[in-house]
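One structure below.
Derivation of every value follows stated rules applied to the coordinates shown; laboratory data play no part. Please read all numbers here as calculations on a predicted model, not as lab measurements. So basically every Cβ, Gly included, is an ideal-geometry build from the backbone, and we count neighbours across all protein chains shown.
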Amino acid sequence: MAKIVEQYIDIAKKRNPGEPEFHQTIEEVLTSLEPVLEKHPEYVEAGLIERLIEPERGISFRVTWVDDAGKVQVNRGYRYQFNSALGPYKGGLRFAPNVNPSVIKFLGFEQIFKNSLTGLPIGGGKGGADFDPNGKSDAEVMRFCQAFMTELYRHIGPNTDVPAGDLGVGAREIGYLFGQYKRIVDRYEGVLTGKGLAYGGLNGRSEATGFGIVYYADCMLKANGETMKDKKVVLSGFGNVTWGTALKLQELGAKVITISGPDGYILDEEGICTDEKIEYMLDLRSSGKNICAPYAEKFPNAKFFPGEKPWGVKADLYIPCAMQNDIHLEHAKMIVESGAKFLCEGANMPCTNEAVEYMMEHGVIVGPSKAANAGGVACSCIEMGQNAGHAVFSPEQVHAQLKQIMINIHDSCAAASHEYGLGYNLVAGANIAGFKKIAEAMMAQGMV
């Protein structure tokens, strides 16, 4: 069966040349599925894997807009609708200079399994553009979003494809995108999630991804006889996900000692554990400068390390919340040397496959991103239900649902791993648990 999996990986590489991020996630997922395919040869006979690794639809389009100087700018937009076996395509839009087909495909493929793990009726998709909102005026961002949606609108809908935000797409961008969609189709419907509370958004959505990560990490610790209280935690990033993660860690008694940005990282031995410090992260993000160095100026006892990453800082728990492939093999060795037992992925695929393999071989328990950061999309689906029912949920209702969903995800990952004799392997368990539900739905729906 290993040979068959290798054939699938080769197929993906040949069909998608020069797309390393997509190749990486295909290898990571399919390698975990070998025992499932051995147990279910009917999946092989039905060509299920070949269908799974090929998106149902891929859309690429030109985005033309005018900057404040009156100059015409041209960007490229994407939407990959990967798999709708479980429900309408669901996944974010990313606006960043490094967005390309490989990045969007990797995110979309991961989203299939992530959405499956939530237990909610949503399929997998992802989109975005090679547009950088940093340093742009509100008017420029609005014009870009309107131009982007003028093409995208024809491919999405509340029962077809429901995008959300991602890196570079926050409340401002979602508002502009929603307004343009509404203007074009002349309908007020839940076609986007992550909306503002004034027009159909979900109470508690902004912190949902970070809270969910901590709920999942807390399950990891408890399953191994430990608690979050007094644990030293290294975080990367300083945006919305890091903010929500720090907030919930503070509540559970852990001590966050780092954040990071493209310019370097902050080490605060006193702990980023006060409301003032945690809220300052939002100020840094909203400044549009995309740097974390000012934290050390505002809080003089903290230190800033320019151009460096925080993975050499000793901690009990590491939670990377920034970008894909932030942790390479050399960083994994630092984490192992620190004596840490836990790493929980907050960003999408923040560790290379080699880094994950090395850490697990040396006793570090890894919580995979497709499971750990699924709280964001879970709450997006709750927002879809709220919009469809013309209802408003309270923050308490949302957080209660979120916590139970994350506990269920952890338990399903652990159970799937044990079922196939892999022990407490959450990486393989997440892939297997997510795949089993998708496979069942795909087989039931025929050769489509």
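Summary of values
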item	result
Helix-only mean residue ellipticity at 222 nm for the chain, each DSSP H run of n ≥ 4 adding -39500 (n - 2.57), per residue, nearest 500	-15000 deg cm²/dmol
Distance between modelled label sites at Lys298 and Glu361, nm, 7 Å Cα→Cβ extension	4.2 nm
Theoretical gain in end-to-end length, Glu396 to Glu440 [0.36 nm per residue, Cα-Cα removed]	12.5 nm
Amide N proximity, region 136-152 versus Ile184 label position 7 Å along Cα-to-Cβ, cut-off under 17 Å	141-152
Helical segments meeting 15 Å axial Cα length and Kyte-Doolittle -1.0 threshold in the chain (DSSP H)	2-15, 20-32, 101-117, 138-152, 171-185, 205-223, 240-251, 275-286, 375-388, 395-419, 426-444
Per-peptide average of other Cβ atoms within 10 Å, ordering 173-181, 30-38 highest first	173-181, 30-38
Mean-position separation - Cα centroids, region 354-381 and region 178-239, in angstrom	16 Å
Equivalent ellipsoid semi-axes - Cα gyration tensor, region 55-187, angstrom	25, 15, 12
Distance between region 260-281 and region 37-101 - C-alpha centres, whole angstrom	34 Å
Diffusion coefficient, µm² s⁻¹, Stokes-Einstein with Kirkwood Rh over alpha-carbon pairs of the chain at 4 °C and 1.567 mPa s	59 µm²/s
Per-residue Cβ neighbour rank within 10 angstrom, fewest leading, Val392, Val241	Val392, Val241
Beta bridge orientation in the chain: antiparallel %, DSSP, nearest 5	55 percent
Model label zone, Glu6; criterion: amide N under 14 Å from point 7 Å along Cα-to-beta-carbon; scope region 19-33	31
Dipole magnitude of the chain about its Cα centre (Cβ charges: Lys, Arg +1; Asp, Glu -1), debye to nearest 20	900 debye
For region 206-372, average projected area of the Cα convex hull in nm²	8.4 nm²
Fraction of beta bridges assigned by DSSP in region 55-187 that are antiparallel (%, nearest 5)	65 percent
